[in-house]
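The values are calculated or read from the model by the stated rules, or taken from the named source; none is laboratory data. Every value quoted in this text rests on a predicted model; they were computed, and no experiment measured them. Neighbour counts run over all protein chains shown; Cβ positions are idealised from the backbone, glycine included. Just the protein is used for accessible areas: all its heavy atoms, side chains included, with ligands, DNA and RNA removed. Shrake-Rupley method; radii C 1.70, N 1.55, O 1.52, S 1.80 Å.
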Amino acid sequence: MSHKIVIIGAGFAGVWSALSAKRLLKLANKENEIEVVVIAPEPILVMRPRLYESNASTLVHPLETLFREAHIKFIPGIAEAILTEKHTVHVKSASGIETTVDYDRLILAAGSSVNHPEGVIGLEKYAFDIDSLDGAVKLEAHLKELGEFPASPGRNTVVVCGAGFTGVELAAELPRRLSHIPNAHVILVGNADEVAPDFGTDPRPAIAQALTDLGVEFKLGSGVSAVDSEGVTLASGERIETKTAIWTAGVRATPLTTQIPGRKDALARLYVDEYLRVPSVDDVFATGDAACAIADGKSQYALMSCQHANQLGRVSGYNAAAALLSEPLMEYSQAEYNCCLDLGSWGALIASGWDREKIKLSGDIAKRVKCYINQKLIYPPENIQEALTLAEPVDIDSDTLFQQLTQVIG
């Protein structure tokens with residue numbers, strides 16, 4: 001093969017980049033001339049949006065068969081270095097073997113990871129997280145073991161550090177997950193004055209009421225200054241005894257973005273043009289959580305969510321292939337946005353608009369929509385023809401999608 005599209009990452013954006021590129025090459029009868037390669041530690045898609053749930057070890061989707069049937073080459077390992085001037089990626093396998101992979105077009109789809117601010121003492125050593133599969137599995141094992149500990153305020157109390165989207169979903173699910181602990185107590189800590197500060201004035205009170213109904217306590221207006229094996233200390237000086245502090249306060253793009261010349265945003269994402277190319281370097285695309293991309297054609301940037309990663313991946317894969325085929329590129333667009341928030345046994349809430357200002361649905365019907373998204377919609381099809389068909393980068397209207405989902409579920 002004379003040309004190669006290399007994709008770093010097998011998350012949502014990486015998977016759909018590979019499938020979208022392969023789809024276009026197949027349509028152009030160029031499959032034997034341009035190879036599609038995916039680099040990732042394992043050929044699995046971690047269902048990261050579901051890691052607040054129990055049974056974390058089951059929340060993976062195998063990709064080996066899909067890649068094989070699509071004739072997508074998979075290289076197991078970690079991309080350690082990107083040399084854009086040489087068009088190469090250095091990869092290290094789990095066994096320590098190092099290889100160099102050449103590319104004609106590179107798609108950085110290596111996602112993001114939880115941010116550990118250096119100013120929070122003991123955070124990395126003592127706090128749990130649900131950012132990765134390993135982190136979620138470790139937390140689940142710990143929660144199960146709590147029942148074997150002697151009863152104490154620290155045993156009975158779980159502190160969720162971060163009152164944003166992930167923190168709220170986890171806090172809402174924890175009362176059910178802690179049913180084996182007598183007098184279990186969940187505390188949600190946030191440095192903003194309100195819970196779910198990224199939501200608008202209409203959804204916020206509903207979210208707060210749902211958490212209150214579930215027995216979750218709030219500690220707002222003060223961030224975390226330190227975490228140790230026996231508790232959490234807030235910036236206000238207040239001390240909370242706990243053996244379980246869970247950090248959910250934000251993520252940053254893959255450190256690989258620092259190896260690519262170009263402007264980054266506050267989350268270390270690479271600014272890209274309307275075709276998801278990195279303007280400052282040749283032949284490199286960024287997608288998913290690694291990309292800071294205008295979504296509505298005006299001023300709204302794509303969010304770090306699978307809702308946006310799926311479409312970003314489809315467009316980046318298509319454009320990487322189109323560039324090699326000398327075909328017109330496609331502009332990335334997701335003009336509408338709806339946010340579906342799981343609220344445990346209370347139900348769920350769907351907020352509409354980029355500012356999440358209005359409640360579109362709540363309660364049981366919203367919960368059924370959320371379950372359908374989590375358990376069905378975000379999984380790639382097992383049938384290769386269906387997967388390639390769905391890889392077409394057609395602009396997806398979020399309002400229409402949620403209307404269709406409501407009709408299907410209802």
Residues to consider are Ala249, Ala286; find the one that is of a type in the set (Gly, Ala, Ser) and at pLDDT 95 or above. Ala286
Within segment 4-25, the count of residues that are basic (Lys, Arg) and in contact with an Asp or Glu (Cβ under 7 Å, 6 or more places away or on another chain) comes to 2
Can you name the condition, by its number, that Asp342 falls short on among (1) under 30 Å from Ile5 (Cβ atoms); (2) touching an Asp or Glu at 6+ places or on another chain (Cβ under 6 Å)? (1)
Check whether at least one residue in segment 29-41 is more than 24 Å from Ser93 (Cβ to Cβ), in a helix (DSSP H, G or I) and open to solvent by 10 Å² or more (accessible area, probe 1.4 Å), and report yes or no. no
Checked Ser112, Ser93 against criteria (within 30 Å of Ser280 (Cα to Cα) and under 23 Å from the mean Cα position of the chain (by Cα)); the one match is Ser112
Need at least 2 residues that are touching a residue at least 40 places away in the same chain (Cβ under 8 Å), touching a helix residue (DSSP H, G or I) at 6+ places or on another chain (Cβ under 7 Å) and crowded, with 16+ Cβ neighbours inside 10 Å per element, so show me which strands (runs of 3 or more DSSP E) inside segment 83-202 make the cut, counting only ones lying wholly within it. 105-108, 157-161
Has segment 383-397 got any residue that is open to solvent by less than 30 Å² (accessible area, probe 1.4 Å), under 25 Å from Leu170 (Cβ atoms) and not assigned by the TED database to the domain that holds Glu274? no
State which residue is nearest to Asp129 (Cα to Cα) when the search covers only segment 56-73 and only residues that are open to solvent by 50 Å² or more (accessible area, probe 1.4 Å) and not polar (S, T, N, Q). Pro62
Does at least one position in segment 376-387 carry a residue that is outside any loop (DSSP other than H, G, I, E, B) and farther than 20 Å from Tyr318 by Cβ? yes
Just one of (1) more than 30 Å from Arg177 (Cβ to Cβ); (2) in a loop (DSSP other than H, G, I, E, B) trips up Thr65, so point out which. (2)
Thr65 - would you say it is of a type in the set (S, T, N, Q) and in contact (Cβ under 8 Å) with a residue 12 or more places away in the chain? yes
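Mind checking whether some residue in segment 44-55 is surrounded by fewer than 19 Cβ atoms within 10 Å (Cβ to Cβ), at pLDDT 95 or above and either of a type in the set (A, V, I, L, M, F, W, C) or not in a loop (DSSP other than H, G, I, E, B) (or both)?
Of all residues in segment 44-55, those surrounded by fewer than 19 Cβ atoms within 10 Å (Cβ to Cβ) come to 44, 54-55.
With the extra rule that they be at pLDDT 95 or above, the set shrinks to 44, 54-55.
Filter once more, so that each one left must be either of a type in the set (A, V, I, L, M, F, W, C) or not in a loop (DSSP other than H, G, I, E, B) (or both): 44.
Taking every residue of segment 44-55 in turn, at least one turns out to be surrounded by fewer than 19 Cβ atoms within 10 Å (Cβ to Cβ), at pLDDT 95 or above and either of a type in the set (A, V, I, L, M, F, W, C) or not in a loop (DSSP other than H, G, I, E, B) (or both).
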